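The values are calculated or read from the model by the stated rules, or taken from the named source; none is laboratory data. It should be emphasised that the depicted structure is a prediction, and the values quoted were computed from it without experimental measurement. Every residue, glycine as well, gets a Cβ built from its backbone with ideal geometry; the counts of neighbours run over all protein chains shown.
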2 protein chains.
Amino acid sequence: MPSSLPPPPVRPDTTALAAAIADLSARFGDRCSTGAAIRQQHANSLTWLDSQPPDAVVWPLDTAEIVAVVEIAARHRIPLIPFGAGTSLEGHVNAPHGGISVDLGRMNRIVAVNARDFDCVVEPGVTREQLNQDLRDTGLHFPVDPGAGEATLGGMASTRASGTTAVRYGTMRDNVKSLTAVLADGRVVRTGGRAVKSAAGYDLTRLLVGSEGTLGIITELVLKLYPLPEHVIAAVVPFATLEGACETAIEAIQSGYVLARVELLDAIQIDAVNRYAGLTLPEAPTLFIELQTSREAGRADIAALEALARANGATGFDWAESEDDRRRLWRARHNAYWAIRTLHAGKAILATDVCVPISRLAECVTETAADALRAGLIAPILGHVGDGNFHATPVFDAADPAQVAAIHGFLDRLVDRALAMDGTCTGEHGIGQGKMGHLVDELGAGVDVMRAIKSALDPHDLLNPGKIFASRFGQPRA
Amino acid sequence: MPSSLPPPPVRPDTTALAAAIADLSARFGDRCSTGAAIRQQHANSLTWLDSQPPDAVVWPLDTAEIVAVVEIAARHRIPLIPFGAGTSLEGHVNAPHGGISVDLGRMNRIVAVNARDFDCVVEPGVTREQLNQDLRDTGLHFPVDPGAGEATLGGMASTRASGTTAVRYGTMRDNVKSLTAVLADGRVVRTGGRAVKSAAGYDLTRLLVGSEGTLGIITELVLKLYPLPEHVIAAVVPFATLEGACETAIEAIQSGYVLARVELLDAIQIDAVNRYAGLTLPEAPTLFIELQTSREAGRADIAALEALARANGATGFDWAESEDDRRRLWRARHNAYWAIRTLHAGKAILATDVCVPISRLAECVTETAADALRAGLIAPILGHVGDGNFHATPVFDAADPAQVAAIHGFLDRLVDRALAMDGTCTGEHGIGQGKMGHLVDELGAGVDVMRAIKSALDPHDLLNPGKIFASRFGQPRA
């Protein structure tokens with residue numbers, strides 16, 4: 001159980017850094033900034049990890065400009081940190097070794113929407129909300145929903161994001177048809193075309209998706225789109241036991257219901273949203289279900305689902321069809337994260353996640369809740385049940401070493417528990433800086449394989465060093 | 001348009017080869033063979049590519065034995081060619097540089113079926129038919145169906161196989177949760193656990209799936225399983241035009257029908273099956289559709305689908321519900337490949353495929369058919385329409401240089417056409433020996449990235465050299 005703390009930051013050579021920034025300023029003018037506020041905005045601040053600002057920020061407008069940035073960075077051996085919206089949770093946009101943040105927010109054009117092919121071509125800075133707004137007259141949508149509406153599609157691809165709809169539509173792994181990226185040596189690689197599938201060599205698309213900016217800077221994405229569902233029904237279902245809630249999800253999937261979302265809030269999380277949003281939900285493990293069905297089959301489906309839930313100990317079953325009613329019904333779910341942040345303002349939050357086989361989910365959640373209790377932590381739990389993925393968000397006082405130690409112990413045990421159940425140390429947040437040790441626990445020699453790939457493609461560790469595994473920066477440079 | 005012919009075979013050093021075979025014989029006894037018939041059986045013989053038998057065949061029984069094989073091969077710098085059932089179509093199991101075929105057929109245990117997690121753990125030699133037979137009492141199935149029932153799941157993963165059901169269930173890319181593989185240096189790597197999703201570092205699972213045995217020898221797979229469909233309806237629908245058939249598929253997907261299969265046979269292919277199987281189908285572009293639906297919705301769905309097809313120029317619409325009736329209705333589809341082989345016995349067949357965005361499929365198929373006609377080739381076409389993937393299987397006399405040249409021209413133009421439509425040079429057959437040049441046409445610098453990964457993980461090119469890209473064997477050894 002290695003510590004999850006990132007290594008102490010090591011700065012690149014200051015002369016080289018100054019020269020790189022001078023080159024960038026000459027090339028990009030006021031689209032290169034070293035202002036303190038700007039730099040601070042580009043460091044991670046959403047989580048327990050310390051912010052580590054870059055030395056400068058640059059805003060390229062197209063692929064050629066990214067190539068120029070990479071060439072300058074390579075010439076001076078300065079790290080580059082690709083930046084989308086900064087909504088990632090494991091320090092992905094931090095600059096532990098200094099360097100240049102490459103803000104892709106101005107590359108936000110929707111290049112093409114191919115409705116008949118159920119795909120679109122976007123630049124990396126397009127947000128998922130922007131894309132869905134643009135698609136609203138096509139009858140199509142892009143369904144991956146990590147919870148942060150302002151998340152960029154490039155960032156979502158880089159972290160292999162997923163969220164509430166993955167049980168129905170999969171993750172970014174499943175929804176990027178191909179992409180274009182600038183590699184560490186300035187080469188531009190397009191990993192495929194717009195075909196739905198390909199057997200043409202190594203799957204470079206999937207290699208880059210989830211590589212957290214360490215192998216290339218994504219400059220364009222081809223994304224899958226889906227028809228808007230014909231009819232949606234939402235339900236909120238409290239259970240006597242956590243096992244009953246999980247069992248209901250398993251049986252619903254076995255029975256072939258098309259669940260678009262199956263979210264679990266534990267009693268502590270329900271208590272938090274009740275207090276935050278003035279709700280009066282029973283303080284019990286509660287499923288938030290979204291069913292996609294045909295209008296005709298809807299009522300029959302929801303009745304069958306209620307029977308299934310009641311047989312597993314549901315103590316209530318509210319459901320709704322209209323968009324307004326559904327939004328009202330799901331208010332507790334939408335407020336889950338902000339309820340915690342607001343009720344515990346001034347405290348730090350560990351926003352972490354693991355993912356286990358669904359048959360082990362109830363056990364893993366129960367043991368995790370008991371462990372938090374023993375450690376004296378308030379740790380609300382929220383799960384994407386259909387995937388066996390859940391979030392624990394314990395709050396703590398970052399100034400209290402005892403609480404920090406307790407959090408570390410809690411996190412290490414959480415990951416050990418998930419791995420013992422043949423799960424993964426992260427279902428959707430990624431490794432970043434926060435889970436480098438846990439990645440080794442999970443994959444062992446697999447991490448050496450990742451390092452070998454990284455070394456082959458980025459021998460000087462220019463792209464987002466110090467993420468996924470420790471950087472070679474800080475060693476004498478080659 | 002480079003030639004697609006594989007490079008001339010180069011043999012490894014004969015002394016080293018003899019020493020390696022001696023070591024293998026000492027270790028594996030009669031599970032290592034150099035018999036001519038055995039070696040011949042392990043070379044590809046299904047396609048136009050010449051058979052290139054290995055120097056010996058070895059049958060390991062577990063991961064540790066594969067490690068032993070790899071260590072012997074590494075010591076003597078002898079190529080290893082992983083072998084499943086030999087049903088691949090691009091020379092994947094050929095031994096252009098000699099070496100040892102590693103037959104995984106005796107590693108055919110189903111290690112675990114986890115019904116509640118919708119997954120199973122299998123050894124690579126398990127066939128898809130064996131697995132589905134084993135699953136028959138669970139209500140689950142493994143749906144990927146490349147057409148060859150005897151294909152092994154390890155081989156299917158290695159070639160990123162798909163087939164008729166990919167429109168509903170995806171390809172092997174989507175259905176391998178994780179895998180264990182022995183790398184070229186003898187390390188055993190497990191790429192993940194049984195969680196549905198993971199954001200833990202580079203996606204090594206997807207890197208190995210489709211790597212055609214060039215990066216590792218798969219020793220175990222965790223596969224996704226699915227509930228058996230509640231109700232299945234099959235339909236056979238001839239169309240006045242190819243465009244009408246393709247448009248029907250697009251509109252059906254847009255309307256949200258759950259199409260499990262959407263196959264297109266062109267008029268030439270229909271003529272072949274009519275003659276081969278004594279059928280009397282109209283010689284027209286014909287869709288073979290399989291719809292998965294609820295029993296209640298079935299009749300309504302099929303009526304709506306017929307209306308949609310008629311509006312697009314369908315000239316008939318036969319459908320069936322019982323398994324026997326469905327099999328009878330689909331007889332033409334099931335006989336498609338053997339109809340060609342039998343009607344043109346003694347001739348060679350180019351069994352190739354490309355994949356394009358579905359909106360371009362009708363155009364691509366039409367142009368391909370016209371091109372074959374101009375080239376004097378009989379080239380039946382069969383498509384997985386929902387994926388924009390189609391097969392052309394022109395027959396030719398391999399002894400006639402003019403016909404061989406015509407075939408090469410046809411293939412190069414087919415790939416150029418697909419790439420010009422933003423498609424891929426292969427949707428499901430893979431690169432193997434047959435499409436190495438086309439891969440460069442498609443991905444350019446991307447192939448250099450693949451080579452860099454290959455060199456990092458297998459610097460001596462021990463694992464299936466001469467597939468995907470040319471081998472360094474034949475160059476002086478390092």
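Brief remarks on what is shown
- Qualifying residue in region A:457-474 (condition: among the charged types (D, E, K, R) and either without any contact (Cβ under 8 Å) to a residue 24 or more places away in the chain or surrounded by fewer than 18 Cβ atoms within 10 Å (Cβ to Cβ) (or both)): yes
- Counted residues, region A:456-468 - those being over 21 Å from B:A195 (Cα atoms) and either in contact with a His (Cβ under 7 Å, 6 or more places away or on another chain) or facing chain B (nearest Cβ under 7 Å) (or both): 5
- Some residue of region B:426-435 being outside the structural domain of B:L46 (by TED's automatic domain parsing), touching a Gly at 6+ places or on another chain (Cβ under 8 Å), charged (D, E, K, R) and surrounded by 23 or more Cβ atoms within 10 Å (Cβ to Cβ): yes
- Residues that are surrounded by 23 or more Cβ atoms within 10 Å (Cβ to Cβ) and either in a loop (DSSP other than H, G, I, E, B) or without any contact (Cβ under 8 Å) to a residue 60 or more places away in the chain (or both) within region A:237-277 comprise A:A252, A:D266, listed in sequence order.
- Of all residue pairs spaced 6 or more apart or on separate chains, those with beta-carbon atoms under 6 Å, a first member in region B:342-371 that is at the interface with chain A (Cβ under 8 Å from one of its Cβ atoms) and a second member that is among the β-branched types (V, I, T) and outside any helix (DSSP H, G or I) are B:C355/B:T424.
- Any hit, region A:243-254, residues being within 14 Å of chain B (Cβ to nearest Cβ), farther than 22 Å from A:D353 by Cβ and touching a Pro at 6+ places or on another chain (Cβ under 6 Å): yes
- Qualifying positions in region A:322-346 - assigned to a loop (DSSP other than H, G, I, E, B) and surrounded by fewer than 17 Cβ atoms within 10 Å (Cβ to Cβ): A:S322, A:A345, A:G346
- Filter result for B:A157 (in contact with a helix residue (DSSP H, G or I) (Cβ under 6 Å, 6 or more places away or on another chain) and more than 10 Å from chain A (Cβ to nearest Cβ)): yes
- Matching residues in region B:296-318 - criterion: being touching a residue at least 24 places away in the same chain (Cβ under 8 Å) and under 30 Å from B:I378 (Cα atoms): B:A309, B:N312, B:G313, B:A314, B:T315, B:G316, B:F317, B:D318
- Condition met for A:G149 (crowded, with 17+ Cβ neighbours inside 10 Å and more than 14 Å from chain B (Cβ to nearest Cβ)): no
- Residue within region B:180-200 that is among the aliphatic types (A, V, I, L, M), over 26 Å from B:L463 (Cα atoms) and touching a Pro at 6+ places or on another chain (Cβ under 9 Å) present: yes
- B:D137 farther than 24 Å from B:V262 by Cβ and either modelled with pLDDT of 95 or more or assigned to a loop (DSSP other than H, G, I, E, B) (or both): yes
- So B:L414, is it of a type outside the set (S, T, N, Q), surrounded by 24 or more Cβ atoms within 10 Å (Cβ to Cβ) and touching a Leu at 6+ places or on another chain (Cβ under 8 Å): no
- Where strands (runs of 3 or more DSSP E) fall entirely within region A:45-120, those with at least 3 residues that are among the aliphatic types (A, V, I, L, M) are at A:56-58, A:110-114.
- Any pair with Cβ under 6 angstrom, 6 or more apart, that starts in region A:191-202 at a residue that is of a type in the set (S, T, Y) and ends at one that is in a loop (DSSP other than H, G, I, E, B) and modelled with pLDDT of 95 or more: A:S198/A:G192; A:Y202/B:S211
- Residues of region B:414-451 that turn out to be farther than 19 Å from A:V189 by Cβ and within 7 Å of chain A (Cβ to nearest Cβ), as a count: 4
- Residue count for region A:347-357 satisfying the condition of being part of a strand (DSSP E or B) and surrounded by 23 or more Cβ atoms within 10 Å (Cβ to Cβ): 4.
- Among the residues of region B:110-144, those identified as of a type in the set (D, E, K, R) and either farther than 27 Å from B:K467 by Cβ or within 14 Å of another protein chain (Cβ to nearest Cβ) (or both) are B:R116, B:D117, B:D119, B:D134, B:R136, B:D137.
- Failed condition for B:L287, given (1) among the hydrophobic types (A, V, I, L, M, F, W, C); (2) buried (at least 16 other Cβ atoms within 10 Å of the Cβ); (3) touching a helix residue (DSSP H, G or I) at 6+ places or on another chain (Cβ under 8 Å); (4) at pLDDT below 95: (4)
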